[in-house]
1. Counting only residues that are among the aromatic types (F, W, Y) and open to solvent by 80 Å² or more (accessible area, probe 1.4 Å), which one in the stretch 52-73 is farthest from M12 (Cα to Cα)?
2. Take the residues in the stretch 16-50 that are in contact (Cβ under 8 Å) with a residue 12 or more places away in the chain, outside any loop (DSSP other than H, G, I, E, B) and surrounded by 13 or more Cβ atoms within 10 Å (Cβ to Cβ); name whichever of them is farthest from the chain's Cα centre (by Cα).
3. What residue, among those in the stretch 1-10 that are in contact (Cβ under 8 Å) with a residue 24 or more places away in the chain and open to solvent by less than 80 Å² (accessible area, probe 1.4 Å), is farthest from the chain's Cα centre (by Cα)?
4. Give the number of residues within the stretch 39-53 that are of a type in the set (V, I, T) and modelled with pLDDT of 85 or more.
Amino acid sequence: MKRLYKTVVFEMSVYYGVLAIVMPLIYAVTNHISFISVFSLEWLAVTLFMYPIVLILSMIRYSYYRMKKMSHF
């Protein structure tokens with residue numbers, strides 16, 4: 001199966017987006033507080049600040065896949 005770089009970035013972005021929504025939900029349920037009160041400007045800032053890390057991890061994952069694919073030949 002051929003994996004394009006855009007596909008890997010999209011997949012990692014979806015995982016990150018799901019985590020960005022699920023983590024505050026888990027925190028809200030655990031501490032018995034309102035789900036809406038967990039989302040704040042701080043959480044948005046942290047989420048946006050960490051997104052470049054997701055892109056770096058995508059590049060590492062894609063390059064690892066490419067190196068593994070090339071080593072089989």
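1. Per the stated criteria, the residue is F73.
2. V38
3. Applying the first criterion (in contact (Cβ under 8 Å) with a residue 24 or more places away in the chain) to the stretch 1-10 yields 3, 5, 8-9.
Checking which are open to solvent by less than 80 Å² (accessible area, probe 1.4 Å) leaves us with 3, 8-9.
Values: R3: 18, V8: 11, V9: 9 Å.
Taking the candidates together, the pick is R3.
4. Initially, the stretch 39-53 is screened for residues of a type in the set (V, I, T), giving 46-47, 53.
Now restrict to residues that are modelled with pLDDT of 85 or more: 53.
Selection size over the stretch 39-53: 1.
The values are calculated or read from the model by the stated rules, or taken from the named source; none is laboratory data. As the structure is a computational prediction, the values presented were derived from the model and not from experiment. Glycine also receives a Cβ, built like all others from the backbone with ideal geometry; neighbour counts cover every protein chain displayed. Heads up: the accessible areas ignore ligands, DNA and RNA and are worked out on the full protein's heavy atoms, side chains in. Shrake-Rupley method; radii C 1.70, N 1.55, O 1.52, S 1.80 Å.
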